[in-house]
Amino acid sequence: MIKKAYYYLFYKIYKSIEYTSEEFGGAFLTDFKTGLVIGALEIWLLFSIGNYYSIITKKNAELSLTMPIVYIPLVILLILNYFSFIHNDIWKEYNRKFDQLPKKKNIIGTWIVVGVIVFIIANLIYSFYLMSQIDWSLYR
């Protein structure tokens, strides 16, 4: 179920990028662009989780690129995305299946995907807002 939802998210983003790319004359590497968008959404979700963890524990997480804890989730996401989308091109089969869905189901699915994307972005913004409201000098 989660795997199918993940592929549907990829499908809707892919179709959106494909449509806009054709309109503006840049229809190339659509699957790569879609992977970047999904990767960005996943990273933003990880950032918001990290922010909420900092807020709950009252510990300011000063992460730097020299810390291995930063790389572990990123490597896991890269591996997950590689095996989900690039390695075996199974997403193409899912795209064909999703293209055959009734129009009404695809419209509902589009709104769900838009809702998920808006939720991830709003959640990230809100988590940064909450972090800005804390006086971190009290917790050092």
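Looking at (1) hydrophobic (A, V, I, L, M, F, W, C); (2) more than 29 Å from Met131 (Cβ to Cβ); (3) modelled with pLDDT of 85 or more, which is the only condition Met1 fails?
For Met1, the failing item is (3).
Restricting attention to the stretch 8-36, which residues are under 17 Å from Ile120 (Cα atoms) and either of a type in the set (D, E, K, R) or crowded, with 17+ Cβ neighbours inside 10 Å (or both)?
Tyr8, Leu9, Phe10, Lys12, Ile13, Thr34, Gly35
Take Tyr71 and tell me if it is surrounded by 13 or more Cβ atoms within 10 Å (Cβ to Cβ), among the hydroxyl-bearing types (Ser, Thr, Tyr) and at pLDDT below 85.
So Tyr71 fails the test.
Test each condition in (1) closer than 24 Å to Ile112 by Cα; (2) modelled with pLDDT under 80 for Lys59 and report the one that comes out false.
(1)
Could you tell me which numbered condition Ile117 fails, if it satisfies all but one of (1) of a type in the set (A, V, I, L, M, F, W, C); (2) in contact (Cβ under 8 Å) with a residue 24 or more places away in the chain; (3) surrounded by fewer than 11 Cβ atoms within 10 Å (Cβ to Cβ)?
(3)
The values are calculated or read from the model by the stated rules, or taken from the named source; none is laboratory data. No experiment lies behind these values; they were computed from the predicted model shown. Using ideal geometry, Cβ is built from the backbone for each residue, glycine included, and neighbour counts are taken over all protein chains shown.
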